[in-house]
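A.B. asks: Mind looking over this structure? Questions follow.
The values are calculated or read from the model by the stated rules, or taken from the named source; none is laboratory data. Here the structure is a predicted model, which means the values were calculated and not measured. Positions of Cβ are generated from backbone atoms using ideal geometry, with glycine treated the same way; all protein chains shown enter the neighbour counts. What goes into the accessible areas is simple: the full protein's heavy atoms, side chains included, and nothing from ligands, DNA or RNA. Shrake-Rupley method; radii C 1.70, N 1.55, O 1.52, S 1.80 Å.
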Amino acid sequence: MLAKRIIPCLDVKDGRVVKGINFLNLVDAGDPVEVASIYSGENADEIVFLDITASVEKRSTILNVVKKTAEQVFIPLTVGGGIRSIEDIRLLLKSGADKVSLNTAAVENKNLIEEASEQFGSQCIVVAIDAKRRHKGTEAQRKNLEWEVYIYGGRKPVGLDVIEWAEEVVRMGAGEILLTSMDADGTKDGYDIELTRAVSEAVNIPVIASGGAGTPEHLCLALTEGKADAVLAASIFHYDEYSIKETKKYLKERGIAVRI
Amino acid sequence: MHWRERLIAIVDYGLGNLRSVSKSVEKLDAKAEVTDNPKRIEKADGIILPGVGAFHIGMQNLKRLNLLPVLHEAISKGTPFLGICLGFQILFTQSEEHGICSGMNIIKGKVKRFTHELKIPHMGWNQVRQTIDHRPRTTDLFDGVSDNSYFYFVHSYYAEPEDRNVIIAETEYGHEFTSAINKDNVWGVQFHPEKSGDIGLKVLRNFLSLC
């Protein structure tokens, strides 16, 4: 049976992991290769590097990080953040990334998904969608649920409906959707289950739920009620609050197929 | 000569995750050479045909680089050969991806698209059931690998061999499909051993030890 995937995400800035990585037995908490390697040893199913390097000149550092990681970590690696062109994608894949995650550039340059999936195959083109609820309000009002797509790291709304955009990226050749709820992100109160389910039911490609994970139960809900194919989490793993191993054990006990 | 001394050619035909494959072979201390040079492939003690992407483009590239004759010859003279993902599918007679496209016809059979309601691509970790009951030779590739171990898959098409005797492992996604084959000196796996952690490296090591 196809296992549900548990994916830790690392924010990488200028070639170093940022945001509290707090493992025991870690020689250098800022080394992305070392952290990725530890996660792989704990049976993480994939690794995501989110490159938040500010300056364009330092972009090449992520390629070195990817190269070094690919020499030591033998599970799939996705890289997102600041990818603008076919050439950016080519360089990342050549360095050893298995997938790239497109966000702002996919919205601003609609040909990019199509060109990229044609050249490199849909399997390596992940489209990241940052979604924010348009209307909160009462249960009755929420019958017309709507989420809007944001770009530039959640700073700019683009007037696109999330479900419609998700369907469009599938038509253009995306192989997977990385769906982040901006409302839930950082809260540790759990994923936006309604959003996750709505997108997962609308498309026939895998959906990775992201934003809001605080406990293994949250991951469980996203995978069951949210119908997600995979869950992405950052802080709950980084701070050693829950290890990937014990999270997977928890999920397995609840009847979810996971790779132990 | 120990297998670590032998030359493993990783065929570069412009498609795929060559770096992942070469790094995993190097991790096992074997000598990997990524090449599209027919002379180097001819000399190799073992050949790996990796690949992700579209079947017809893979075949086009192999033809354009004039690699098909040397691959056929190496296989017929007994050089151990491992096809991975698209490199596994290309071993078959034909694929229905992008119309009907002919493959290498080393293994008789067809490559078909998943038509069930499940999500496509079949992406992620799935269990590989070894069909070893009547073919003990399959222990070659899966030596030391527990039955139903998880391996990493990414594909939208699956291969269906005419002769079920070549099947050494099956996996369930909507229905059972062939996830590994062996015929004489030719092995093929639909999953990515180079992306399947320690268990994947074990499969690669088993192949290398046959070279």
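A.B. asks: Inside region B:156-191, can you point out the residues that are open to solvent by less than 10 Å² (accessible area, probe 1.4 Å) and within 20 Å of residue B:52 (Cα to Cα)?
C.D. replies: Residues satisfying the conditions are B:159, B:171, B:177, B:178, B:179, B:180, B:181, B:186, B:188, B:189, B:190, B:191.
A.B. asks: Something else now. Can you name every residue in region A:237-253 that is part of a loop (DSSP other than H, G, I, E, B) and surrounded by 14 or more Cβ atoms within 10 Å (Cβ to Cβ)?
C.D. replies: Correct list: A:241, A:242, A:243.
A.B. asks: Within the set of pairs 6 or more residues apart or between chains, which connect a residue that is touching a residue at least 24 places away in the same chain (Cβ under 8 Å) inside region A:223-246 to a residue that is aromatic (Phe, Trp, Tyr) and open to solvent by 10 Å² or more (accessible area, probe 1.4 Å) with Cβ atoms less than 7 Å apart?
C.D. replies: A:226/A:191; A:236/A:242; A:240/A:23
A.B. asks: The conditions are (1) surrounded by fewer than 16 Cβ atoms within 10 Å (Cβ to Cβ); (2) within 14 Å of another protein chain (Cβ to nearest Cβ), and residue A:223 fails exactly one of them. Which is it?
C.D. replies: (1)
A.B. asks: Kindly list the number of the only condition in (1) under 19 Å from residue A:177 (Cα atoms); (2) in contact with a Phe, Trp or Tyr (Cβ under 6 Å, 6 or more places away or on another chain); (3) open to solvent by 10 Å² or more (accessible area, probe 1.4 Å) that fails for residue A:209.
C.D. replies: Answer for residue A:209: the failing condition is (3).
A.B. asks: Return a yes/no flag: does region B:86-97 have any residue that is open to solvent by less than 50 Å² (accessible area, probe 1.4 Å), touching a Phe, Trp or Tyr at 6+ places or on another chain (Cβ under 7 Å) and assigned to a helix (DSSP H, G or I).
C.D. replies: There is at least one residue in region B:86-97 that is open to solvent by less than 50 Å² (accessible area, probe 1.4 Å), touching a Phe, Trp or Tyr at 6+ places or on another chain (Cβ under 7 Å) and assigned to a helix (DSSP H, G or I).
A.B. asks: Within region B:147-168, which residues are more than 11 Å from chain A (Cβ to nearest Cβ) and farther than 21 Å from residue A:123 by Cβ?
C.D. replies: Once the filter is applied, which keeps residues that are more than 11 Å from chain A (Cβ to nearest Cβ) and farther than 21 Å from residue A:123 by Cβ, region B:147-168 yields B:147, B:161, B:162, B:163, B:164, B:165, B:166, B:167, B:168.
Let's see how each residue does on (1) β-branched (Val, Ile, Thr); (2) open to solvent by less than 20 Å² (accessible area, probe 1.4 Å):
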position	(1), (2)
A:150	no, no
A:155	no, no
A:163	yes, no
A:166	no, yes
A:169	yes, yes
A:173	no, yes
A:176	no, yes
A:183	no, no
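A.B. asks: Can I ask one more? Check A:178, A:160 and return the single one that is within 14 Å of chain B (Cβ to nearest Cβ) and either under 20 Å from residue A:117 (Cα atoms) or modelled with pLDDT under 95 (or both).
C.D. replies: A:178 is the lone residue from the list that is within 14 Å of chain B (Cβ to nearest Cβ) and either under 20 Å from residue A:117 (Cα atoms) or modelled with pLDDT under 95 (or both).
A.B. asks: When only residues in region A:42-66 that are assigned to a helix (DSSP H, G or I) and open to solvent by 30 Å² or more (accessible area, probe 1.4 Å) count, which is nearest to the other protein chains (Cβ to nearest Cβ)?
C.D. replies: A:63
A.B. asks: Tally time: how many residues in region A:1-14 are away from chain B (no Cβ under 14 Å) and either closer than 18 Å to residue A:186 by Cβ or at pLDDT 90 or above (or both)?
C.D. replies: Adding up the residues that qualify gives 6.
A.B. asks: In addition: Kindly list the number of the only condition in (1) modelled with pLDDT under 95; (2) surrounded by fewer than 21 Cβ atoms within 10 Å (Cβ to Cβ); (3) more than 14 Å from chain A (Cβ to nearest Cβ) that fails for residue B:56.
C.D. replies: Of the numbered conditions (1) modelled with pLDDT under 95; (2) surrounded by fewer than 21 Cβ atoms within 10 Å (Cβ to Cβ); (3) more than 14 Å from chain A (Cβ to nearest Cβ), the odd one out for residue B:56 is (3).
A.B. asks: Against the condition at pLDDT 95 or above, within 14 Å of another protein chain (Cβ to nearest Cβ), crowded, with 16+ Cβ neighbours inside 10 Å and part of a helix (DSSP H, G or I), how does residue A:69 come out, does it pass?
C.D. replies: yes
A.B. asks: Just give me the residues in region B:154-211 being polar (S, T, N, Q) and part of a loop (DSSP other than H, G, I, E, B), in sequence order.
C.D. replies: B:156, B:185, B:190, B:196, B:209
A.B. asks: Something else: Considering each residue of region B:25-39, count those that are touching a helix residue (DSSP H, G or I) at 6+ places or on another chain (Cβ under 7 Å), within 14 Å of chain A (Cβ to nearest Cβ) and surrounded by fewer than 24 Cβ atoms within 10 Å (Cβ to Cβ), and give that number.
C.D. replies: 5
A.B. asks: Can you name the number of the only condition in (1) among the hydroxyl-bearing types (Ser, Thr, Tyr); (2) at pLDDT 95 or above; (3) not in a strand (DSSP E or B) that residue B:13 fails?
C.D. replies: Here residue B:13 meets the rest and fails (2).
A.B. asks: Looking only at region A:208-236, which residues are within 22 Å of residue A:125 (Cα to Cα) and in a loop (DSSP other than H, G, I, E, B)?
C.D. replies: A:211, A:227, A:228, A:229, A:234
A.B. asks: Further, regarding this structure: For the subset of region B:98-124 comprising residues that are at pLDDT below 95 and among the basic types (Lys, Arg), which member is most open to solvent (accessible area, probe 1.4 Å)?
C.D. replies: Going through the qualifying residues, I end up with B:113.
A.B. asks: Enumerate the pairs (first residue in region A:166-180 and closer than 13 Å to residue A:80 by Cβ; second residue anywhere and modelled with pLDDT of 95 or more and acidic (Asp, Glu)) with beta-carbon separation below 7 Å, excluding pairs fewer than 6 apart on the same chain, so at least 6 apart or on different chains.
C.D. replies: From region A:166-180, the pairs are A:180/A:130.
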